[in-house]
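Notes for the one structure printed next.
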């Protein structure tokens, strides 16, 4: 079997494993206060061009989304997200479990529209009964989205402006951020994201790390006692070094972007291969996730040799499936896939 099921199916980039082994016997202070976490934080702040930022390291994406959202919202507030957003669909109700409602808005190819967000908030406050309702307290977006699509800088700036108009934070889920930044079609940079968002995270789990996400509060705006809030939610790793060492490695010698560019190159070749074979695409994705429409019988036959992700039902006889490349995708993987297509 050859796998294009997801971008976290392999372990970790060899340089990360080497660094973890090299530092294994060092005795270091816990809870993210070690020198590797501090080194990683400084490198991330420099990459973001935000010397006033604060960086915290968490283990995984769902955990990060829940900790950030629940610690920034008041108990009467919810979070605006796309109907297709990860927190809306694929996180098992983690946000609702924390006591906060996900306020889902319709999206286009996974992307929220600034005008729709503005209209939603305006309509909420125009309602004479809004004191009896869940207040919109944050906007959540993913970049790339769940469909591999990207916000342009203008789109991101427009959403940011709406959030600042209504004095609510903009939170960007960057689980696959490297693949968005490396896309051939993006005009958004890491400093742009740090300028326009109030908080975001740099995904490691899907971009070369064993595990880990780096949360960046961009304007000296981290919630008071955020480390305590992390611990209350079971998210403060005693051996914080495991995350710091990984992100210090990812942000040394441009490794994070190097492996992200590799995934995009593999995705472009995958896209060309699928087009050459006559497969029908569900939408145009400029990142490492590619979505095609398969006849159900065709999907079953291909599934005997290729691991891919079920995404959603298209109609009674067709299914949308996802192919994902990553830092670990090889030329041999593509060659094997070509044999089965």
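Looking at segment 213-233, which of its residues are part of a loop (DSSP other than H, G, I, E, B) and touching a residue at least 40 places away in the same chain (Cβ under 8 Å)? Selection gives 218, 219, 220, 221, 222, 223, 233.
Is it true that residue 294 is modelled with pLDDT of 95 or more and either exposed (fewer than 14 other Cβ atoms within 10 Å of the Cβ) or part of a strand (DSSP E or B) (or both)? In short, yes. If you check 238, 214 for being more than 18 Å from the chain's Cα centre (by Cα), modelled with pLDDT of 95 or more and in the same structural domain as residue 54 (by TED's automatic domain parsing), only one passes: 238.
Inspection of segment 41-60 finds a residue satisfying the criterion of being surrounded by 15 or more Cβ atoms within 10 Å (Cβ to Cβ) and closer than 30 Å to residue 299 by Cβ. The residue list 237, 243 contains one member that is in contact with a strand residue (DSSP E or B) (Cβ under 8 Å, 6 or more places away or on another chain), outside any strand (DSSP E or B) and crowded, with 24+ Cβ neighbours inside 10 Å, which is 243.
The values are calculated or read from the model by the stated rules, or taken from the named source; none is laboratory data. Just so it is clear, the structure is predicted and the values come from calculations on it, not from any experiment. Note that each Cβ is placed from the backbone with ideal geometry, even for glycine, and that neighbours are counted across all protein chains shown.
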